[in-house]
There are 2 protein chains.
Amino acid sequence: MPPTQSTLLWIILGASVGALIFAVGLARWVLARSAGTPAMRVISDAIQEGAEAYLARQYKTIAVLAVLVAAALGIGYGVLRTSLATDPVNDRTVFAFFITVSFLLGALSSGVAGFMGMWVSIRTNIRVAAAATTSLNAALQTALRGGAVSGLFTVAMSLLGVGGLFAVLSNFAPAGVDAGAWAQKIPFLIVGYAFGASFVALFAQLGGGIYTKAADVGADLVGKVEAGIPEDDPRNPAVIADLVGDNVGDCAGRGADLFESTAAENIGAMILGVILFRTFGVSGILFPLVIGALGLICSIIGVMTVSTKEDADPMAALNRGYYITSVLVSVAIFFACKWMLNTPDAPDAWWHFFACAMVGVATSIAFVFITQYYTEYRYRPVLSIAEASQTGPATNIIMGISVGMESTVLPVITIAIALVSSFMLGKASGIMIDGKAAGGLFGTAVATMGMLGTAGYILAMDVFGPITDNAGGIVEMSQQPANIREKTDRLDSVGNTTKALTKGYAIGSAALAAFLLFSAYLDEVKNYINGEIHVDLSKPQVFVSALLGGMLVFWFSSLAIRAVSKAAQSVINEVRRQFREHPGIMKGTEKPDYGRCVDIVTVGALKAMVLPGALVLLFPIAVGLTFKYLGGPSEHLGAEAVAGFLMIATVVGILMAGFLNNGGGAWDNAKKYIETGVYGGKKSDAHKAAVVGDTVGDPFKDTAGPSLHVLIKLLSTITLVLAPLFI
Amino acid sequence: MPPTQSTLLWIILGASVGALIFAVGLARWVLARSAGTPAMRVISDAIQEGAEAYLARQYKTIAVLAVLVAAALGIGYGVLRTSLATDPVNDRTVFAFFITVSFLLGALSSGVAGFMGMWVSIRTNIRVAAAATTSLNAALQTALRGGAVSGLFTVAMSLLGVGGLFAVLSNFAPAGVDAGAWAQKIPFLIVGYAFGASFVALFAQLGGGIYTKAADVGADLVGKVEAGIPEDDPRNPAVIADLVGDNVGDCAGRGADLFESTAAENIGAMILGVILFRTFGVSGILFPLVIGALGLICSIIGVMTVSTKEDADPMAALNRGYYITSVLVSVAIFFACKWMLNTPDAPDAWWHFFACAMVGVATSIAFVFITQYYTEYRYRPVLSIAEASQTGPATNIIMGISVGMESTVLPVITIAIALVSSFMLGKASGIMIDGKAAGGLFGTAVATMGMLGTAGYILAMDVFGPITDNAGGIVEMSQQPANIREKTDRLDSVGNTTKALTKGYAIGSAALAAFLLFSAYLDEVKNYINGEIHVDLSKPQVFVSALLGGMLVFWFSSLAIRAVSKAAQSVINEVRRQFREHPGIMKGTEKPDYGRCVDIVTVGALKAMVLPGALVLLFPIAVGLTFKYLGGPSEHLGAEAVAGFLMIATVVGILMAGFLNNGGGAWDNAKKYIETGVYGGKKSDAHKAAVVGDTVGDPFKDTAGPSLHVLIKLLSTITLVLAPLFI
């Protein structure tokens, strides 16, 4: 017997509320740990203060922008646009209301999730540092559970938002529309939620990314290179800004990124579920949310199983947790498929879709391995960069760029296989609509769900990175004994690996989700025009839009990279000024003014994020409207051009992000490899060359690359929301 | 009265033979100049010897590869493939014969054109050096006319090849096929010519590009950086290899590039002309060749008008010549349109197409300005890189990459406007087929013709670059007085600018030509399947192919850049060995062994070009065949997937080439700007940082970037030739 809508909603909302409660409990557990020595607390308090001040200002800026966009949406839908007969609701004021409110709700939820995650993370740092004075296991568990608060909060909020909106709206069916027909309209009304989430994510990731790398590059160039003091040295006025950066960039930024990934993926998959309504009923629409709910529970179990022995490799413990989560998710999906996608019309469908989900799980594991291959110094790519460092910075850079470009090959082949095989599996599922095999796109959607099923765990592992990084900084700055430092160093280096892995995961899932999202976009367009639409590249207008879409990625990357360079320059000037005017700082007799550096980076990052962000918002709109008016009325050229724009921006974005992330990661670890003593070790010429590569890689891997993940999905959600305007 | 086929063929063949004769005369004029002092001759002879030895071996390697491909084509078409009713000739042996022979002919012509051009260039170097001892004007004219030999030879050979093949084949109409119907088949039979030309061009550009930059980077890193001797110092054992590189890379490489550009564009435009046969008859098919012929004559006039005063800027003289050529080409196209495209069915068509051609001319001028903006140190981009050099190599690299990425914006917008406006002009021309406006694609083709009309002059200006570079090297090494060096330095710096400009022109024309070529491909596919084909990105298989196409560009660039790094490494080791084992070299008492360095680079470059070249050949075939067999029999998924692959590879290729070319050019000139004395001038830390950027930029702008131009067109011509196999 197929499950009812209310059963499914109970599961979804129950699991998300349960996960939120669990996250609060976990947060209380973390906060109950020892808060370290007074010396540690001084530093930790400074980080907290800086991070909270930055986030408050960042969210204030984003809030202003979000209100502007909401107003534009409301006016666009409610006043400027004339209704179509195919609109999900006939009254355009109501339509505008749903779109605008769900946008604001998505933006707000993303902000809350990001803020909560970071609130806990910056309080976890010091507790990890304190725990390291007792045992490695205690430190590991504290860090991971602190990260899990962020991970669970993010995924649960996203699920609660989409599921809750669906539940609320299902009570507002217009007169004369039955529950089933109305359920098919709801996904189109709540696309605003995904857009709101992506909107906040873009600015959070971009602003945070610029912040973290401007502080890092600035602190390094003037501290390590000019003044010759080590990293995290308390005499460096930019050191607190650097530690703050880890939180606002990696932590809040990536959290926002995955928040919108799950939100957008869920809504996109629901739209594709609508196509199969005749076969699966409301089960098809709510299936993605149920998988998300189950994944959340599996992630909780996975996180709680992680523990390590004092002398074991903490990475092995984290990997074990990841594999446990993956297995649990697979089992859960198996039963979900059997329960929800079992229909007499197509008796083999459920296991075909289960196979699709396994393709997704396998894809995420493949991405983990590929990323490791390109960014760890056990393998050829990083070793070749280290080797090239012997002939100076130029050859280091050339080799790094070559490695970064090459690193796009295997992920693309993986994505290609995943998409085509899940499509073919779905198509072979036996579901027919109007005599044609129709399950293909839903198959790719299920693969995406499989990949995102472990998102909660992955995010916990990701936030683990900045937490341990900060814990290391606190231990270093408060001058703890060497054996404690050794523990936090081990965790920190594991954190570097997990950060690289989640970036690989994020781009892989972004690629799958993007395909799902533009399938949803085309489906939405078909709904509105009540006919077929192709994205025919052989039309010059579509080809030109594709070219413009690819160009946007280059332009955006250029702006993001340059923003870091500019903001770093102001940090450098400030640190130089402090050293010059207060010679006591270098002697250790005078305390540097950390706050001013924090302020400068804050202002710089916020200013710099607006232009690239606005570009991403306005460019697709300009393309859509231009070609709408250049084309004939029945050609739907605007909608088609936007689709071409979106798809090629996605293709180029995937490639560019892979290049930037992996190139940056490889440079980083080539330097670390030389620091183990190879080619003359630290202070050798090879090391100096490797430091240049590492610095170049910083804005690649922590600003432009991760922002591109968000860009890809933001473009999809913008077009989803604005599709009716282009028609 | 419309012109007859034989009139048109007489014009085409007459102009190309005339231009060849003129080129021979010009070569004799150049060779009759003074061949300089014995000291100069020693150096010049060494360059000649090295360049000829390299080219001989390169062509031997390419010949082997070409024969393999020809055999594969012959077997594929003549044995493996079953005939279709829509084939241009029914007998598959005859079909295979035409395709294979035209491939070999294209390959051979490209080789001959490249060899002839370089043969003259390496003899012009020394004559420019000698002429500089008398007057600047004499040196300028000698250099430009030497370059023009190469330019005219290239364009005329290409025209002669395509026109000649057409003329020959027009006598072989099968029984029962009338002349008009047969004329529409011929373009499909000679597509092999364009493929042969692209095939040779790819290897020539790739091998030459790797050669020139491996020698340059190697010579610089070990000479300038390690040993502290100036550029072109005779004590550097790699100096001759470096000078040889300029000839085989810039000269032979770019010649092959533009040879295949014109060949491919002509054949592609002829295929589009076939669509309009009902309106224009054979005039539409031969129109591109006539424009080429007229452009050739205009280029000759343009070259001969160039002269300069002793104290004037030689760049102004070259620009004047370019503008004269552009104006003459415009006038010639005006009359050609009025004569050939004037039809009572669509009385406004001729001036619409003339307007399209003007769009092309305007596009090429826009590219010249944009390239100047991004690569000259009068403007913001280069200045920002120079400024960033003050904080070291890392910030120099970050800024350079940012500038390179940004530099894709304006060219893409230019291409977008050019394509859309010429398409709309063509569509508005009044030509109707089956009641639908049909002139759009032909309009974009005419814009491409307008852009390529000045190819002869542009190529002369481009080859001017390596000639003056070499002349400067000869003057430097033979220790001529300062006033002569000052003259060759001025010409050399002009040569740097012209090289950058032609790269911008080459990528712009590649973009337009590529659109034309895949329109031709789709048209060809329609011919074979006798129905419509879309390139629908919303199909996962097509999207995946697009993703793979984009990835190919990253992969290829990675391989090309790495090849330079590897080959440079072997040069460095050899130079170090010579310095170590023969201490007399640095003292100036012993002559270094130039030949060994030349040999080492030769072997390294030839070995390194095979893998990326093979990748480009095999990847599209693999994509086409995979999706042909994965898709159903009537879906034509193979042909469609290949189209998606091709188009997105083109989009990404255009973007990546722009990034690499302009980024590299900007780094180069940022260094030159600092050398004028800014930020501490030569030997300052800022200069050292700028040298790092310049070195990184070398393989970008002279190996990977230019090879991507060829890659784009090679992909188009491969798919044109293999289209029947994917169906």
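Centre-to-centre, using Cα atoms only, the stretch B:380-451 and the stretch A:558-572 are separated by 27 Å. Normalised by the number of residues in chain A, the average gap of Cα pairs under 8 Å and 6 or more apart makes the relative contact order 20 percent.
Buried surface for the A/B pair, taken as the accessible area of each chain alone minus that of the pair with a 1.4 Å probe, is close to 6400 Å² in total.
The convex hull built on the alpha-carbon positions of the stretch A:306-359 has an orientation-averaged projected area of 4.1 nm².
With its label point defined 7 Å out from Cα along the Cα-to-Cβ axis, A:THR4 lies at 8.8 nm from the matching points of the other copies, in increasing order.
For the stretch A:166-214, chymotrypsin sites (Phe, Trp or Tyr not before Pro) are listed when DSSP marks them as loop and at most 15 other Cβ atoms sit within 10 Å of their Cβ; the list is A:PHE172.
Give the shape of the stretch A:314-425 as rounded, prolate or oblate, defined through the alpha-carbon gyration tensor: a ≥ b ≥ c are the square roots of its eigenvalues, a/c under 1.5 means rounded, and otherwise the shape is prolate if a/b is larger than b/c and oblate if not. Note, shape of the stretch A:314-425 comes out oblate.
Per-residue shielding of A:403-415, expressed as the average number of other chain Cβ atoms within 10 Å of the residue Cβ, stands at 5. Partner shielding of A:685-697 amounts to 3, given as the average count of beta-carbon atoms from other chains within 10 Å of each residue beta-carbon. Once both labels are positioned 7 Å from their Cα atoms along Cα-to-Cβ, the gap between A:LEU80 and B:ARG380 label points is 2.7 nm. Averaged over the residues of B:418-427, the number of partner chain Cβ atoms lying within 10 Å of the residue Cβ comes to 3.
For A:TRP10 and A:ASP434, compute 0.36 nm times the residue count separating them, minus their Cα-Cα distance, and round to one decimal in nm.
149.3 nm
A 1.4 Å probe run over the protein chains yields, for chain B, 30 Å² of accessible area per residue, whole-number rounding.
In this structure, A:THR134 and B:HIS582 have a Cβ-Cβ separation that, at R0 = 56 Å, corresponds to a calculated FRET efficiency of about 0.30. Mean silhouette area of chain B, derived from the convex hull of its C-alpha atoms and averaged over all directions, reads 28.9 nm². Here the protein assembly as shown is assigned +1 on the Cβ of each Lys and Arg and -1 on the Cβ of each Asp and Glu. Its dipole about the Cα centre then comes out at about 420 debye. For the stretch B:662-727, a simple Cβ point-charge model (Lys and Arg +1, Asp and Glu -1, everything else neutral) yields a dipole of about 80 debye relative to the Cα centre. Taking the charge dipole of the protein assembly as shown about its Cα centre, with +1 at Lys and Arg Cβ atoms and -1 at Asp and Glu Cβ atoms, the residue from B:ILE210, B:GLY681, A:GLN372 reaching farthest to the positive side is B:GLY681. Centre-to-centre, using Cα atoms only, the stretch B:638-696 and the stretch A:299-375 are separated by 43 Å. Among A:GLN479, A:ALA238, A:SER402, pick out the residue whose Cα is farthest towards the positive end of the charge dipole of chain A, where Lys and Arg carry +1 and Asp and Glu carry -1 on C-beta, about the Cα centre. Ranked along the dipole, the leading option is A:GLN479.
Protection proxy ranking, highest mean first, for peptides A:311-319, B:405-413, B:266-274, B:441-449: B:441-449, B:266-274, B:405-413, A:311-319, where packing is the per-residue count of other beta-carbon atoms within 10 Å, averaged. Across the copies of the chain, A:ASN171 has label points (7 Å from Cα along Cα→Cβ) spaced 8.9 nm apart, shortest distance listed first. Solvent-accessible surface (1.4 Å probe) assigned to B:SER493 amounts to roughly 70 Å². Across the copies of the chain, A:GLY435 has label points (7 Å from Cα along Cα→Cβ) spaced 2.6 nm apart, shortest distance listed first.
Annotation: lysines with alpha-carbon distance below 25 angstrom to A:LYS60 (same-chain offsets under eight excluded): A:LYS213, A:LYS566, A:LYS607, A:LYS713. Of the two radii for the protein assembly as shown, the radius of gyration is 0.98 times the Kirkwood radius, both from the alpha carbons; that is the Rg over Rh value. Considering all different alpha carbon pairs of the stretch A:475-573, the Kirkwood hydrodynamic radius works out to 18.8 Å. Treating each Cα of the stretch A:620-707 as an identical point scatterer and summing with the Debye formula, the log10 of I(q)/I(0) at q = 0.11, 0.16 Å⁻¹ comes to -0.50, -0.69.
Between the listed residues B:THR142, B:SER16, A:GLY228, the Cα displaced farthest toward the positive end of the dipole of the protein assembly as shown, a dipole computed from Cβ unit charges relative to the Cα centre, is found at A:GLY228.
For A:LYS309, the lysines whose Cα falls under 23 Å of its own Cα, not counting residues fewer than eight places away in the same chain, are A:LYS487, A:LYS499.
Considering only alpha-carbon pairs that sit under 8 angstrom and 6 or more positions apart, the relative contact order computed for the stretch A:180-320 is 28 percent. If the cut-off is a Cα-Cα distance under 12 Å, which aspartates and glutamates reach B:LYS338, setting aside same-chain residues fewer than 8 apart in sequence? The qualifying aspartates and glutamates are B:ASP348.
Taking a ≥ b ≥ c as the square roots of the eigenvalues of the Cα gyration tensor, the stretch A:611-662 is classed as oblate, since a/c reaches at least 1.5 and a/b does not exceed b/c.
Across the stretch A:207-265, C-alpha contacts under 8 Å between residues 6 or more apart give a mean separation that, scaled by the residue count, equals a relative contact order of 46 percent. For the stretch B:165-190 versus the stretch B:81-152, the inter-centroid distance based on Cα atoms is 26 Å.
Can you tell me how the stretch B:1-152 classifies by the Cα gyration tensor, rounded, prolate or oblate, using a/c under 1.5 as the rounded cut? Oblate.
The values are calculated or read from the model by the stated rules, or taken from the named source; none is laboratory data. Quantities reported herein were computed from a predicted structural model and do not represent experimental measurements. Methodologically, a virtual Cβ is constructed for each residue, glycine included, from the backbone with ideal geometry; neighbour enumeration extends over all protein chains shown. In case anyone asks, the SASA skips ligands and DNA or RNA and just uses the protein heavy atoms, side chains included. Shrake-Rupley method; radii C 1.70, N 1.55, O 1.52, S 1.80 Å.
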